[in-house]
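The values are calculated or read from the model by the stated rules, or taken from the named source; none is laboratory data. What you see is a predicted model; the values in this text were computed from it and never measured. Here the Cβ positions follow ideal geometry from the backbone for every residue, glycine too, while neighbour counts run over all protein chains shown. For the accessible areas, the whole protein counts, side chains as well, though only heavy atoms, and no ligand, DNA or RNA atoms are used. Shrake-Rupley method; radii C 1.70, N 1.55, O 1.52, S 1.80 Å.
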Amino acid sequence: ADGRLKRCSLEKHQDLFWGLMGGGGGIGVIVSITLRCYPLQIAGLVTFDLLTSNVQHRKSVLQNWADWLYGNKDKQHNKTNGIDNFFQGTPTDVYSHLILPTDSSTIKFLGTSIDTESISQSIDLLEQFRESSTKRNKKILSFFNNSDNGKSSFNLGYIPGLSDLKSYSFGATRTNFHFRLARYHDEVQNEVNQYLEAGNVFISFKYAKALTSPIIDTLSEATIGAFSTHNESRIFVFSIGSNENENKDIQCSAFDGREAKYVIFIEGKWSANSEARESKEKKKVLDWVHNIVNQLNICEGIQSTAHPESVRDQTSKSGKSKPPSGYYNFSHQTGERLTQIKKKRDPRNVFCFASRTSFLTPST
């Protein structure tokens, strides 16, 4: 960090390029950005419910979901544990999330593909697909336009990653299966928004490099196990994409310490008819969220934020508790240097979030 102006890309200054991807202004002051746009209009959506009978079953489903997303390379481990499905990992344009409720054994699944090579981007064909689906009054897994011999198609079986879901259900009973096409700019987001309801909420975010056994244990115990609140509270687990198999030749040294593949969104919710009851429910939910966060903080691969600005899950005001793993962004020397550059380049603190640089000091 010396204040020089550098142009970063996939080919030049790769460490800075990957460090700034999602990193805001914590690594440096960004003065210009060049973006390449793609003609994405239509995305593929798969949704269904997964029935988990108990806490052990939910743990197994979570592990199978993670294996499908990022691959299960340890085949000997899989064979020992009776896992017959081996996956190399889904492509970078496949995203997915699970919703883990505390008041039900049913997990909500959503998978999205934005693969424009496999999914036709024709709005006219999208309308034909929907009309055909309505007439049949059922979910259709494929639809071809006869005018071009099926080259412009909506076919679940031809969409890499999502095609696995025609027969694979992560080791659980599956219900309410739907495959459909949606406009990416509004309908895909609305699909997620329908699960976000207003109310009394207390939330926290964590980011994970992998869904390790301790993380899966924590999430399962908190939602269907002994620590469940048995109310409206939920945990959302989102995949961020970026299959590690496809980027193995790129050295992302500046961002290695903050490599995140999952977002864990903990949503504590409560409601009550009386003030006394509400106070009790609120305390129960807050304790539930804090307990999950504390358990996750001691799991390997957990980060407090995916960005260099440490704006979430700050350390206690008393200063007695140690920061969670991944809290600090930089070493002492680099942090001090970046702070000097920030003050020189932005004396009026216009980029306020970039001022939240945290770094390890010799006394910490």
### Query
What is the spin-label model distance, in nm, from T334 to S213 if the labels are put 7 Å beyond Cα along the C-beta direction?
3.2
### Solvent-accessible ranking of D346, D103, largest area first, probe 1.4 Å
D103, D346
